[in-house]
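Everything below concerns the one structure shown next.
The values are calculated or read from the model by the stated rules, or taken from the named source; none is laboratory data. Note that the structure is predicted; figures quoted are calculated from it, not measured. No Cβ is skipped: glycine too gets one built from the backbone with ideal geometry, and neighbour counts run over all protein chains shown. Ligands, DNA and RNA are excluded from the accessible area calculation, which covers all protein heavy atoms including side chains. Shrake-Rupley method; radii C 1.70, N 1.55, O 1.52, S 1.80 Å.
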Amino acid sequence: MTQPGQFDFSQQRRTFRLELLRSIPQGVVETAATTFAVFVAIRVFNLPPWMKGSIIASGSVGLLLSLFVVQLIRRIGCSVNSVAASLWVLSSTGFITAALSPENPTLYFVGTCFAFVCMASGAPLMAQIYRKHYADEKRGHLFSLSAMVRACVVALAGWTVGLWIERQGFTPLFLTYAGGTLGMAACVMAMAPVRLRLSNRIRWFDAFNHVGQNRAFAKLLVVWMLLGLGNLTSWALFVEFIGNPVYGFGFDADRTGFITSTIPMLAFIVTVVPWGLIFDRMPFYRVRAVVNLFFMTGTLIYFLGGSVFALCLGIALHGIARSGGNILWTLWTTRFADEERVGEYQSVHSFLTGVRGVIAPMIAFTVIQYLGPKSVAMMSASLVLISTLVILPEIISEFRNAPKEA
C-alpha cells in the first residue's frame, strides 16, 4: 500500500501500459490531421483556401477551448479522465459526419472541423495525468516510448492509407478515425482518475494569473508564440505544396502520404526515445535550441530544395525536430509548475498554441498564394531563429552553471 507522500509506482506502470495501448488508435487518427483531411479537401472537393486553412486551424480552436475546459473541471469536480474521454467521443461524431458526406463538401468541412476541435480540446489534459502518474525522473522517457509507438502507427498508416483512399474513397477511412477516437476514450477512462482541486466559481481566465507570477513562464510563452507561428505556418502547407499541381509536384494520395506522414514519422521513431532521455537529463533551454535548429533546417530544405530528395530530407529533419518538440510541448510545464497547477499552466500554453494555430494557416495560404512557397519558408525559419535568440541569455547561463567534471 502506498503511504501518503510516497510515489505510486504501480499506477505509473498501469498508466504507461494504457498509454501504450492508447497510442495505437491515436496514431491512426493523427494521419487525418497531418495529411488526409487536407488531401481530401484538395483532391476530392477542391475546397477554397479559407476552408482548407480552417480545417488545419480547427485543432488549434480546440486548444483555445482547453483553457476553459480546465476551469470547468475545477468547478464541477469530475475527473480529468472523464472530460478527455467525453471530448474524444464527441470527436468521433464529427468523423462519422464527414465520412457520410462523400458528395457534400459543406458537411465534410463541418464534420472534420468539429472532430479536430473536440480531439484537440482533450489532448492537453493528458499533461495533468502524466504529472500525477509519472515520476519526475522518468516522465520524458516514458512519454517518448509511447510517442514512438504512436509514430510507428502513423508511419505505417501514412503509407497504407494513401493506397486505401485511392481505391476505396475516404468514407471507410473516416469511419476508422471515429473508431480510433473511441478507443482513445476507453484507454484514458481505464487509467486511475486524476482530479483537480475544486473551485467555488468559474473564473475563465484565472489561469493567466500565473503569467504575471512566474517570469520564466511568461518569457517562454513569448518564445513559444514566435516558434509556433514559424512552425505552423510552414506545417500548414506541407501537403498543399506537394499535393497541389500548381506548385510543380501534384503527387497522388499514396506519394503525398508517404512523404508527409511516413518519412517524418520514421525519423520520429528513431529519435523520440533519445529525445526523451535528453529531456530528462539536459537543461531545458539547450534542448529547446537544438530542436529549433532541426526545425529551421528541415523547413528550408523542404521548400527550397526543388527536388524529391530535398522533400524527403527536409521532412525527415522536420520529423526529428517534431519528436523532440512533441516531448517539449507536452512536458515543459511540468518543469515550471507544481503538481496541482500543471493543468492550468498547460491550459494557458494550449490556449496560446490555439491562437497561433488559428492565425498561422490563414497567413500561410495567403502568403503562398501571393508570394509563393519560398517566402513562406523564409518567414517560418526567421521566426524560429528569433525565438531562439530570445532565450540566448538562458542558454548561456545554463552553460556557465553546468557542473565541472573532475
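Can you find a residue in the range 376-393 that is at positive phi, at pLDDT 80 or above and open to solvent by less than 40 Å² (accessible area, probe 1.4 Å)? Scanning the range 376-393 turns up no residue that is at positive phi, at pLDDT 80 or above and open to solvent by less than 40 Å² (accessible area, probe 1.4 Å).
With respect to (1) among the polar types (S, T, N, Q); (2) free of Cβ contacts under 8 Å to residues at least 12 places away in the same chain; (3) part of a helix (DSSP H, G or I), the lone exception for residue 97 is condition (2). For residue 77, the criteria (1) at pLDDT 85 or above; (2) touching a Leu at 6+ places or on another chain (Cβ under 7 Å); (3) open to solvent by less than 50 Å² (accessible area, probe 1.4 Å); (4) not acidic (Asp, Glu) hold in every case but one, which is (1).
Determine, yes or no, whether residue 61 is closer than 22 Å to residue 351 by Cα, among the β-branched types (Val, Ile, Thr) and at pLDDT 85 or above. Taking the combined requirement at face value, the residue does not satisfy it. Looking across the range 276-298 at every residue that is under 19 Å from residue 235 (Cβ atoms) and in contact with a Phe, Trp or Tyr (Cβ under 9 Å, 6 or more places away or on another chain), the one that is surrounded by the fewest Cβ atoms within 10 Å (Cβ to Cβ) is identified as 288.
Output the residues belonging to the range 128-145 that are under 19 Å from residue 281 (Cα atoms) and in a helix (DSSP H, G or I). Answer for the range 128-145, where residues must be under 19 Å from residue 281 (Cα atoms) and in a helix (DSSP H, G or I): 130, 131, 136, 137, 138, 139, 140, 141, 142, 143, 144, 145. Among (1) open to solvent by 30 Å² or more (accessible area, probe 1.4 Å); (2) over 22 Å from residue 382 (Cα atoms); (3) more than 18 Å from the chain's Cα centre (by Cα); (4) of a type outside the set (S, T, N, Q), which single condition is residue 242 missing? Exception for residue 242: condition (1).
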